[in-house]
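The values are calculated or read from the model by the stated rules, or taken from the named source; none is laboratory data. It should be emphasised that the depicted structure is a prediction, and the values quoted were computed from it without experimental measurement. Cβ: placed from backbone, ideal geometry, glycine included. Neighbour counts: every protein chain shown. With ligands, DNA and RNA removed, areas are computed over all heavy atoms of the protein, side chains included. Shrake-Rupley method; radii C 1.70, N 1.55, O 1.52, S 1.80 Å.
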Amino acid sequence: MNSSRPVIEFELELQTRQAQSMKNWLTHNLGGMFYMLEVVFRNKPELDEPVRQTINEIVEAFDDLDDDLLVCIEEQDRKKLPHNDINLKYSNPKNVSVECSTPQLLCCQQLLNHFDQVVQAFDKQWLLKQISRQEHQQNIMTWMQKVSKVLFECNKKYRSVRHQVMDQTDTIPAKTDETQALLPLA
């Protein structure tokens, strides 16, 4: 039986294909981690502190990443381009829907917007011949790797708590028909 869970849905217009592809990858992985930590693992009171701490560490890691993206945007905005009055347009911007099943996943909205802006800054610099195609690709790859590294580190923290939950479950004896017969009916 599938249960119905509440989600908050928000729409984003992402210009770059890099941000568009990151949306699925980031929200799927981060969304799964947050849901397990916030909803499923919270049913284990004895693990409340490690779960709470892991949630805080993951949120902090993505807040720090978003701060780094903002610094990069500010740095790119300070660069003098020969044609600042030219608008950058994309041939296939996409409106994407992001569903958040935990409050913590709301960080994706801002993070995806800022990542999209970073890629746009590098695209504009390349199109205006301020950086080479190789520099353009390397700059974008560097940021994709930064996001990937943060997600990987957060996944390690999540797996640590998941193992604790599994170990805790292994130590609780399974209910047999005999023990269930001894339990009072609710």
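Any residue in segment 17-35 that is in contact with an Asp or Glu (Cβ under 6 Å, 6 or more places away or on another chain), crowded, with 20+ Cβ neighbours inside 10 Å and not in a helix (DSSP H, G or I)?
No, the conditions are met nowhere in segment 17-35.
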List, please: which pairs have Cβ atoms under 8 Å, are six or more places apart or on different chains, and start with a residue in segment 27-46 that is more than 16 Å from Ser148 (Cα to Cα) and aliphatic (A, V, I, L, M) and end with one that is assigned to a helix (DSSP H, G or I) and open to solvent by 60 Å² or more (accessible area, probe 1.4 Å)? Met36/Arg162
All but one of (1) under 30 Å from Thr142 (Cα atoms); (2) open to solvent by 90 Å² or more (accessible area, probe 1.4 Å); (3) of a type in the set (Lys, Arg) hold for Arg5; which doesn't? (1)
Looking at Gln109, Gln168, can you tell me which residue is in contact with a strand residue (DSSP E or B) (Cβ under 6 Å, 6 or more places away or on another chain) and within 28 Å of Arg5 (Cβ to Cβ)? Gln109
What pairs come out if I take residues in segment 132-147 that are closer than 17 Å to Asp116 by Cβ and pair them with residues that are of a type in the set (S, T, N, Q) and loosely packed, with under 13 Cβ neighbours inside 10 Å whose C-beta lies under 6 Å away, six or more apart or interchain? none
Any residue at all in segment 53-66 that's small (Gly, Ala, Ser) and more than 21 Å from Ser148 (Cβ to Cβ)? no
When (1) touching a residue at least 40 places away in the same chain (Cβ under 8 Å); (2) under 17 Å from Val150 (Cα atoms) are applied to Pro6, the one that fails is (2)
Output for segment 82-103, where each listed residue is out of contact with any helix residue (DSSP H, G or I) (no Cβ under 7 Å at 6 or more places or on another chain) and farther than 22 Å from Met141 by Cβ: Pro82, His83, Asn84, Asp85, Ile86, Asn87, Lys89, Asn95, Ser97, Glu99, Pro103
